[in-house]
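> Questions regarding the structure given below will be posed in turn.
The values are calculated or read from the model by the stated rules, or taken from the named source; none is laboratory data. Bear in mind the structure is a predicted one, so any value in this text is a computation, not a measurement. Every residue, glycine among them, receives a Cβ derived from its backbone with ideal geometry; neighbour counts consider all protein chains shown. Only protein heavy atoms, including side chains, enter the accessible area calculation; ligands, DNA and RNA are left aside. Shrake-Rupley method; radii C 1.70, N 1.55, O 1.52, S 1.80 Å.
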Amino acid sequence: MYAREKGKRRWFSMVGLISGKNMLVTGAGSGIGRAIAVRGAREGANVIVVDINSQGARETAELVKKENQKAITIIRDVSTAENVKEIVKITYENFDRLDILVNNAGIGGTNLSPVIKLDEKDWDRIFQVNIRAVFLMCKYFLRHMIKNETPRDQIRGKVINIASQRGKTGGAGLSAYSASKAAVISFTQSLAKEMGRKRITVNCICPGTIYTGIWGGATIDQIKGFGGEVPLKYKKVGLPEDVAGVVMFLASKDADWMTGQAVNITGGMIMTR
Ligand SMILES: NC(=O)c1ccc[n+]([C@@H]2O[C@H](COP(=O)([O-])OP(=O)(O)OC[C@H]3O[C@@H](n4cnc5c(N)ncnc54)[C@H](O)[C@@H]3O)[C@@H](O)[C@H]2O)c1
């Protein structure tokens, strides 16, 4: 799409990074997921907003529509196969294909409980949402995505999982969360290897401290410095938009030669080779 710049003869491109794509985001009702949904719409994608929280999901869908893109909401807990199968069904009733799957829904990043006091139910629930749901979403959506008709020399689809810095470093009081996010990183690598021949890229993102509702209302000053020293000092913590920008890059053609990677967005807190 091209538009004429107001009052000038020059024409400029309005094509966004993921123009014309259909993108599904789990946990899009708040925080990082909402930022990804809204930025995705700004970059030209239609968005399937999935969340357990109906009010948050509907608010996000309204923000997507304000960007002149199509949005639908699907209110489901993503941690059961029955629900995920329904999410797939509703998605394909509304869209002919899914191009970008963003597995973002996650819990437990701030439940500080040492292993010797950690309740088994909390451990299981964190694993259900943080990794089982990622597995289920990939299992049931990729069956369709591998059939996306795309020229032979082009990528057919993209999966982007939101892991965490904790999946690489661990964290005292965060054993279940950190282990579940390490599993997301490992799952991403295995799936990338499986999906290479199908021309689907699978990457994940490892955010550091990002100011969202997951912190249960704590202030920016209270969470600043949580998890370690951050070399970048020009702001106190990361924001959801910092993650959304990198998700757009991974979802775009510019990242077509990247797969199986775990990209840190931590203000430099993690530096690995
Ligand atoms: N905020 C951070 O500092 C940080 C750091 C590293 C990783 N992350 C990861 O980023 C992702 C997004 O977190 P956030 O900070 O935006 O948190 P958030 O609490 O603001 O958003 C999470 C969203 O997921 C939804 N959700 C939770 N369980 C669900 C389920 N079972 N089914 C469907 N939706 C569900 C919630 O309703 C919520 O809208 C999570 O995976 C989190 O672990 C966050």
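> Could you tell me whether any residue of segment 215-231 is near the ligand (Cβ under 8 Å from one of its atoms) and assigned to a strand (DSSP E or B)?
The answer is no; no qualifying residue exists.
> Can I ask one more? Could you tell me how many of the residues in segment 163-178 are open to solvent by less than 30 Å² (accessible area, probe 1.4 Å), within 19 Å of Val247 (Cα to Cα) and not in a loop (DSSP other than H, G, I, E, B)?
Qualifying residue count, segment 163-178: 1.
> Turning to a different aspect of this structure: For residues that are within 14 Å of the ligand (Cβ to nearest atom), within 24 Å of Val47 (Cα to Cα) and of a type in the set (Lys, Arg), tally how many sit in segment 92-137.
Looking only at that region, the number is 1.
> Further question: Could you go through segment 188-200 and let me know if any residue there is open to solvent by 10 Å² or more (accessible area, probe 1.4 Å) and either among the small types (Gly, Ala, Ser) or under 15 Å from the mean Cα position of the chain (by Cα) (or both).
Looking for residues that are open to solvent by 10 Å² or more (accessible area, probe 1.4 Å) and either among the small types (Gly, Ala, Ser) or under 15 Å from the mean Cα position of the chain (by Cα) (or both), one finds at least one in segment 188-200, hence yes.
> If you check every pair at least six apart or on different chains, which have Cβ atoms under 8 Å apart with a residue in segment 17-37 that is over 18 Å from Ser252 (Cα atoms) first and a residue that is of a type in the set (Asp, Glu) and not in a helix (DSSP H, G or I) second?
These pairs meet every condition: Thr26/Asp51; Gly27/Asp51; Ala28/Asp51; Gly29/Asp51; Ser30/Asp51.
> List the number of the failed condition for Lys117; all other conditions in (1) open to solvent by 50 Å² or more (accessible area, probe 1.4 Å); (2) within 15 Å of Asn53 (Cα to Cα) hold.
The single condition Lys117 does not satisfy is (2).
> Further, regarding this structure: Count, please, the residues in segment 39-83 that happen to be more than 19 Å from Glu93 (Cα to Cα), of a type in the set (A, V, I, L, M) and open to solvent by 20 Å² or more (accessible area, probe 1.4 Å).
The qualifying residues number 2.
> Pick out the one residue from Thr60, Thr26, Thr80 that is more than 17 Å from the chain's Cα centre (by Cα) and either within 10 Å of the ligand (Cβ to nearest atom) or under 27 Å from Gly171 (Cα atoms) (or both).
None of the other options fit; the residue is Thr80.
> When you look at Ala183, is it touching a residue at least 12 places away in the same chain (Cβ under 8 Å), assigned to a helix (DSSP H, G or I), open to solvent by less than 20 Å² (accessible area, probe 1.4 Å) and of a type outside the set (Phe, Trp, Tyr), yes or no?
No.
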